[in-house]
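J.: Mind looking over this structure? Questions follow.
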Amino acid sequence: MNPLEKFESLLGTGTFFVPCEWGTKKPLVTYTERPFEATKTDAYRAVLNLPQTNLAVYLGQASGGLCAIDFDADADLAAFLAVNPKLAATTRSRGSRGGMVWLRVEGDFPESCNPDHKHFEWRADKRLSTIHGQHPAGMDYTLTVEAPPVTVAFADIVWPEGWQLPWVGAAARAEKEALAKEFGQPFYTNKDGRVTGINERYWAALFSRENRVLFDPDEKTFFRYAEDTGLWESITPESIREAISARILEVSRESQQFSLEIQITQTKLKAVVAALMGIAEKRGVFLTKQRFIHVANGVIRLGDDGDVTFGGFSPEDYSRNRSPYEFKPDAECPRFLNELIYPAVEPDDADLLQRWAGLALFGYNLPQRFMILDGTANGGKGTLVRIIQSLVGLTNSYQLRTECLLERFETFRFRGKTLLIGPDVAGDFLMQKGASMLKSLVGGDPLSGEGKGLNGDFPMFGNFNVVMTCNSRLRVRLEGDTSAWRRRLLIVRYQNPPPKNRILDFHVPLLHEEGSGILRWALAGFVKLQAEFAATGDFALTETQRGRMDSLLAESDSLRCFLRERLQKSAYGDVTTGEISQAYAEYCADRSWNALPTTVVERTLPDLMLELFQATKSHSIERDGKKSNRGWRKVQLLEATDLQLEGGE
């Protein structure tokens, strides 16, 4: 058996052998680019079998994970084998001194390295080690343990205490070197070695690399990604300064540069934070919404084809809002449905509530509508809204105040929210001057928010989900824009009697017992809505549901409807304000509508009379012998008999 056959048998046929000059480590052939298969040719093997040829092994991946540990001192070899008794039986060779331990590493292993302490040299990828022939010092290489290499995971190798291991912290050192190359050294010293200043950009970049952080220049806010929740959470400049201060102190002690501590001042820390703004800037990452629902234990991803998958968090989702409830695929909510939803509303409305709840959970108002829950007092409207609010997350919702919507700083308060709630509102809630802003808040319109004490403003879009509850029917401040309001409304009417046995804070036990089930119910609703939206771009509504919207809009515009139906032009007619008010009240009563207050009627009439009949107000209408009554000329009020005659004709 020649030397090549001997060592192939010992180390394995997958070993990459390289022929070297006798008594040297100089290869006789090129090998770094040579494929392993080329070492099996007759010509290559003939070179390996030449007399007086050293045999070396191309280590690492090239030889199937065969690596070697070279020890120059017998004492170091003995110390290593003492803590690795299993490796005493692996292949071992010797040159001039010490020994070479050969082993086959299973899995990953570090790059080749030669630590400064010289206890050992780790030989792996891109290294040659001679196993047969003559050492440059004149003696022959010998096998001190003639046994096949032991297979071991690199992590299972034990190293004597106190030995420097270059691969420990190697990645961190490489990253710091790359950081210094890009941003400069972390601090500067004088000829005496004392720190004279710090490089603010370096420390800002270091914080950015060690903490997944971004700066939104529109909101003028820092955000840090939380691995445990998957959320991008806002952090204050003060907390960043404190973290950077602690990091500088840590480096000061590690590097024994105690004069570095003197550089930790608020002025310099503020300069670091200012540099961080530019380094970590990402504009507009929170303005778009991907198709997913963020829950407590993961992310539910929704495909365009209706496919639903559940998986882990991802920083690339740029999510700031999540439900505090976990998704459980088998969770149910029987009490929620049978005690709160089904007894209170009709089946079609229960289905509409489910789809809207899914939309609220999704956190982005695709159909651009808002929900009104009106009707029976103590019927469960408020309980349902509190459940939906908890499902979406209390931190993701804010109170809607229509009377404040035109104020300077109100929209700023909606920053980072997805759900706006108007609980138990008054009947004139949508009659306030700011109510028209609702169309923008749900209609996807670009908005600007201005914060008190902040310079400039920040952009956002009106993609909020909105819900309000009211025991009476609401009226809307139409301002001639009836069609736009019709496109924005959803109404669910609670008409059934309230439960006989009222349960205080009913939402608390329902959420505790069935929170995940209610979440799953809402998720199923959003899947339905997604299919509807793909087909029509809107909610699918019944005629009854559309009729409620038409009725609300007609009631909101009741004075205009009355004037069109009950007044007509007449060359010799006239009518007083009081007569119109009385007839209008009767008109609303016949339709079970809530009439506008008399003050509102009197304030609105002049514009409507001019618009509909081109009649201006007069202060000299004669009634009962008095010519000082207010009213309008060249119009007359149709009596009931007139309406009957018109119908008969």
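The values are calculated or read from the model by the stated rules, or taken from the named source; none is laboratory data. Just so it is clear, the structure is predicted and the values come from calculations on it, not from any experiment. Here Cβ is always computed from backbone atoms with ideal geometry, including for glycine, and neighbour counts include all displayed protein chains. The accessibility values were calculated without ligands, DNA or RNA, using every heavy atom of the protein model including side chains. Shrake-Rupley method; radii C 1.70, N 1.55, O 1.52, S 1.80 Å.
J.: Using only the Cα atoms of region 355-439, each taken as one equal point scatterer with no solvent, compute I(q) by the Debye sum, divide by I(0), and report log10 of the ratio at q = 0.14, 0.18 Å⁻¹.
T.: With one equal scatterer per Cα and no solvent, log10 I(q)/I(0) is -0.51, -0.86.
J.: Sorted by accessible area with a 1.4 angstrom probe, largest first, how do His294, His619, His117 fall? Present the calculation step by step, with values, prior to reporting the outcome.
T.: Values: His294 10, His619 115, His117 50 Å².
Heavy-atom accessible area, descending, gives His619, His117, His294.
J.: DSSP loop trypsin sites (Lys or Arg not before Pro) in region 461-513 with at most 15 other Cβ atoms within 10 Å of their Cβ, which ones?
T.: Numbers: sites: Arg473, Arg475, Arg477, Arg486, Arg487, Arg488, Arg493, Lys500, Arg502; in loops: Arg473, Arg475, Arg477, Lys500, Arg502.
Answer in residue order: Lys500, Arg502.
J.: Let's test this: bin the Cα-Cα distances of region 391-471 at 10 Å from zero up to the farthest pair and state each bin's percent.
T.: For region 391-471, the binned pair fractions read 18, 53, 26, 3, 0 percent.
J.: What is the ratio of the Cα radius of gyration of region 28-70 to 2.2 N^0.38 Å, where N is its residue count, to two decimals?
T.: Dividing the Cα Rg of region 28-70 by 2.2 N^0.38 Å gives 1.24.
J.: Quick one: length gained pulling Ser234 to Ser259 fully straight, 0.36 nm per residue minus the C-alpha distance? Each step should come with its number before you reach the end.
T.: Details: separation 25, 0.36 × 25 = 9.00 nm, distance 3.29 nm.
That works out to 5.7 nm of additional length.
J.: Now, a different point. Pop the C-beta distance of Lys433 and Glu326 into the FRET formula with R0 = 35 Å and round what comes out to the nearest 0.05.
T.: Working: r = 43 Å, r/R0 = 1.23.
The formula returns an efficiency of 0.25 here.
J.: Just to be sure I follow: if Rg is taken over the C-alpha atoms of region 526-649 and Rh is the Kirkwood radius over the same atoms, what is Rg/Rh? Provide the component values of the computation, followed by the final result.
T.: Working: Rg = 19.6 Å, Rh = 16.9 Å.
Reported Rg/Rh, Kirkwood definition of Rh: 1.16.
J.: Evaluate the distance, in nm, between pseudo-label points positioned 7 Å from the Cα of Thr267 and of Thr482 along their respective Cα→Cβ axes.
T.: The two pseudo-label positions are separated by 6.9 nm.
J.: What Kirkwood hydrodynamic radius do you get for region 253-366 when you take the inverse of the mean 1/r over all pairs of distinct Cα atoms, in Å?
T.: 18.9 Å
J.: Within region 537-649, how many Lys pairs sit with Cα atoms under 15 Å apart, leaving out pairs fewer than 8 places apart on the same chain? Working shown, then result.
T.: On the way: Lys569/Lys617; Lys569/Lys634; Lys617/Lys627; Lys617/Lys634.
So the count works out to 4.
J.: Starting from the alpha-carbon convex hull of the chain, give the projected area averaged over all orientations, in nm².
T.: Hull-based average projected area comes out at 48.6 nm².
J.: Okay, next question. If you take the charge dipole of region 401-511 about its Cα centre, with +1 on Lys and Arg Cβ and -1 on Asp and Glu Cβ, which of Leu419, Leu504, Leu447 is farthest toward its positive end?
T.: Result: Leu504.
J.: Further question: Quickly work out the Ala296-to-Met277 label distance, labels modelled 7 Å from Cα along the C-beta direction, and quote it in nm with one decimal.
T.: Between Met277 and Ala296, the label points sit 3.9 nm apart.
J.: Could you size up the charge dipole of the chain around its Cα centre, putting +1 on the beta carbon of Lys and Arg and -1 on that of Asp and Glu, and report it in debye to the nearest 20? Working shown, then result.
T.: On the way: 77 positive and 85 negative charges, 267 e Å.
The dipole of the chain has a size of about 1280 debye.
J.: Which percentage, to the nearest 5, of the DSSP beta bridges contained in the chain is antiparallel? Present the calculation step by step, with values, prior to reporting the outcome.
T.: On the way: 61 of 84 bridges.
Counting only bridges with both partners in the chain, antiparallel ones make up about 75 percent.
J.: About its Cα centre, how strong a charge dipole does region 450-559 have in debye, to the nearest 20, once Lys and Arg get +1 and Asp and Glu get -1 at the Cβ?
T.: Numbers: 14 positive and 13 negative charges, 65 e Å.
Around 320 debye, computed over region 450-559.
J.: Here is a further query. For region 137-151, take each phi angle, set θ = phi - 60°, evaluate the Karplus expression 6.51 cos²θ - 1.76 cosθ + 1.60, and give the result in whole Hz per residue in order, putting x for glycine and proline.
T.: With the stated coefficients, region 137-151 comes to 7, x, 8, 7, 6, 10, 9, 8, 10, 9, 8, x, x, 6, 8 Hz.
J.: Taking the Cα atoms of region 25-168 alone, what are Rg (to one decimal) and Dmax (as a whole number) in Å?
T.: That works out to 15.5, 48 Å for Rg and Dmax.
J.: Would you work out which of Met468, Ser255, Ser628 lies farthest towards the positive end of the dipole of the chain, given +1 charges on the beta-carbon of Lys and Arg and -1 on that of Asp and Glu, about the Cα centre?
T.: Highest projection toward the positive end goes to Ser628.
J.: Which whole-number percent gives the relative contact order of the chain, counting Cα pairs below 8 Å spaced six or more residues apart?
T.: On the way: 1106 pairs, mean separation 57.4, N = 649.
Value for the chain: 9 percent.
J.: What is the Cα coordinate range of region 511-560 on the first, second and third principal axes, sorted by size from largest, in whole angstrom?
T.: Principal-axis extents of the Cα atoms in region 511-560, largest first: 49, 31, 14 Å.
J.: Any number yet on Rg/Rh for region 593-639, C-alpha, Kirkwood? Walk me through the numbers on the way to the answer.
T.: On the way: Rg = 12.0 Å, Rh = 11.9 Å.
Radius of gyration over Kirkwood radius for region 593-639 works out to 1.00.
J.: Check cross-link reach from Lys181 to the aspartates and glutamates: straight Cα distance under 20 Å, and skip same-chain residues fewer than eight apart.
T.: The qualifying aspartates and glutamates are Glu200, Glu210.
J.: Of Leu50, Val308, Val385, which is farthest on the positive side of the dipole of the chain, counting Cα position, with +1 on Lys and Arg Cβ, -1 on Asp and Glu Cβ, and the Cα centre as origin?
T.: The Cα lying farthest towards the positive end belongs to Val385.
J.: Something else about it: Hey, got the dipole for region 34-158? About the Cα centre, +1 on K and R Cβ, -1 on D and E Cβ, debye to the nearest 20?
T.: Working: 12 positive and 15 negative charges, 59 e Å.
That gives region 34-158 a dipole magnitude of about 280 debye.
J.: Something else: Sort 310-319, 30-39 for me by packing, meaning the mean count of neighbouring Cβ atoms within 10 Å per residue, highest on top. The partial results should precede the final answer.
T.: Numbers: 310-319: 14.5, 30-39: 12.0.
The densest-packed peptide leads the list: 310-319, 30-39.
J.: Given a 1.4 Å probe and heavy atoms of the protein chains only, how would you sort Glu565, Glu579, largest accessible area at the top?
T.: On the way: Glu565 90, Glu579 65 Å².
Ranking Glu565, Glu579 by accessible area, largest first, yields Glu565, Glu579.
J.: On a 0 to 90° scale, report how tilted helix 507-536 is relative to the longest principal axis of the chain, with both axes built from alpha carbons and the result rounded to the nearest 10.
T.: 80 degrees
J.: Given region 1-87 reduced to its alpha-carbon atoms as identical point scatterers, what log10 I(q)/I(0) does the Debye formula return at q = 0.26 Å⁻¹?
T.: Here the Debye-derived log intensity ratios amount to -1.34.
J.: Follow-up. What is region 205-359's relative contact order, in percent, from Cα pairs under 8 angstrom and six or more apart in sequence? Intermediate results must be reported in sequence, preceding the final value.
T.: On the way: 164 pairs, mean separation 32.9, N = 155.
For region 205-359, the relative contact order is 21 percent.
J.: Turning to a different aspect of this structure: Work out the FRET efficiency for Val145 and Lys176 from their Cβ-Cβ distance, taking R0 = 41 Å, and round it to the nearest 0.05.
T.: 0.50
J.: Averaged per residue, what accessible surface does the chain expose to a 1.4 Å probe, in Å²?
T.: Numbers: 31990 Å² over 649 residues.
Ligands and nucleic acids excluded, the result is 49 Å² per residue.
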